[in-house]
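Derivation of every value follows stated rules applied to the coordinates shown; laboratory data play no part. Keep in mind it's a predicted model, so treat the numbers as computed, not measured. As a convention, Cβ positions derive from the backbone with ideal geometry for all residues, glycine included, and neighbour counts pool all protein chains shown.
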Amino acid sequence: MKDLSISTISANLYAIPIVLISIASLVFPFIFIWDWQTFTKGFLLIYLALPYFIIAFILGSFLHEVFHAAGFIIFGKLSFNQVQIGIKWKYLTPFAHCRIPLKASVYRIALLLPAILLGLIPSIVALIFGKSWLLIYGTLFTILAGGDFLILWIIRKVKSDEIVKDHPERCGCYIINN
């Protein structure tokens, strides 16, 4: 069994380039298409509705983990009791953990779901309709998926049909049949 995991702290540090890439790839096109003034209006709207944005952020953080769990359950054909959702209070980090081994392809889908549904789709909609507050939301949730992108990078050489087991404490997984 090969361990392909890193600590939560390391994952957050390694995700910094992902933050920069996310900002550059989402914000710059928005400013190019719409303009700087339209982009900055989003911050004003968020400030004016800050309590709602905070609630949306908290709900989105919870949904992020629910989408991971849904990916494990739907694509891995698992039951609810084979997946755990919780919070690592030491780091104030929510998590979703799959308790049983599954194919690497399913693990990758479960890793990507929150970034797509909470980050990329809202950002694309924002780019199309010029809604900078939605772009800020989408960019934030793309950034928050930085650890997931990092895990995808770490397991990039794992074949799709190989069996992996989600690490119970760290970011990443074990390769079972290595």
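Structural remarks
- For the chain, with +1 on Lys and Arg beta carbons and -1 on Asp and Glu, the positive-most of Tyr174, Tyr137, Trp89 along the dipole: Tyr174
- Compared with the direct C-alpha span, the chain from Ile100 to Thr38 gains 17.6 nm at full extension, assuming 0.36 nm per residue.
- Extension gain, Glu169-Gln82: 0.36 nm per intervening residue step, less the Cα-Cα distance, totals 29.7 nm.
- Magnitude of the charge dipole, the chain, Cβ model with Lys/Arg +1 and Asp/Glu -1, debye to 20: 280
- Among Pro168, Pro101, Pro51, residue whose mean-square fluctuation peaks in a GNM of the chain (springs only between Cα atoms under 10 Å): Pro51
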